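For reference, the structure is listed below as structure tokens.
The values are calculated or read from the model by the stated rules, or taken from the named source; none is laboratory data. All values derive from a computational prediction rather than experimental measurement. Note that we place each Cβ from the backbone using ideal geometry, even for glycine, and neighbour counts take in every protein chain shown.
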Amino acid sequence: MATKGTEHAPLTPAVLHILLVLSTGERHGYGIMKQVEVDSQGKTKMGPGTLYGSIGRMMEAGLIRESDRRVDSQMDDERRVYYEITAVGQAALEAELRRYRRVVAVAEGRIAYGG
């Protein structure tokens, strides 16, 4: 995982999914879990252990931070902690997406040319 001031290492699938969700705005944990499921069309279901373990490591690495606590009008629970992506997290996400694009380009080239 990326750390402050270092080259961005490849991200785990969980971290990638969380950063993708947070790249569109702040979310609380349950909201992140549900959006990952929607984004993956139900193929990825992130449980609380994976989510909060990843969030802890991501906060330590400076990829995300807690934002202000607020009430989610649909859940009406002021105890929910919201998270937001940091500049370091955005840079790590962009680096990971570039890495994926290069892999896809190589794969498409091999498929197009039969090897």
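Residue check: is Glu37 of a type in the set (Asp, Glu), assigned to a helix (DSSP H, G or I), at pLDDT 95 or above and surrounded by fewer than 15 Cβ atoms within 10 Å (Cβ to Cβ)? Criteria not met by Glu37.
Considering only residues in the stretch 54-111 that are farther than 21 Å from Val15 by Cβ and polar (S, T, N, Q), the one that is modelled with the lowest pLDDT turns out to be Ser73.
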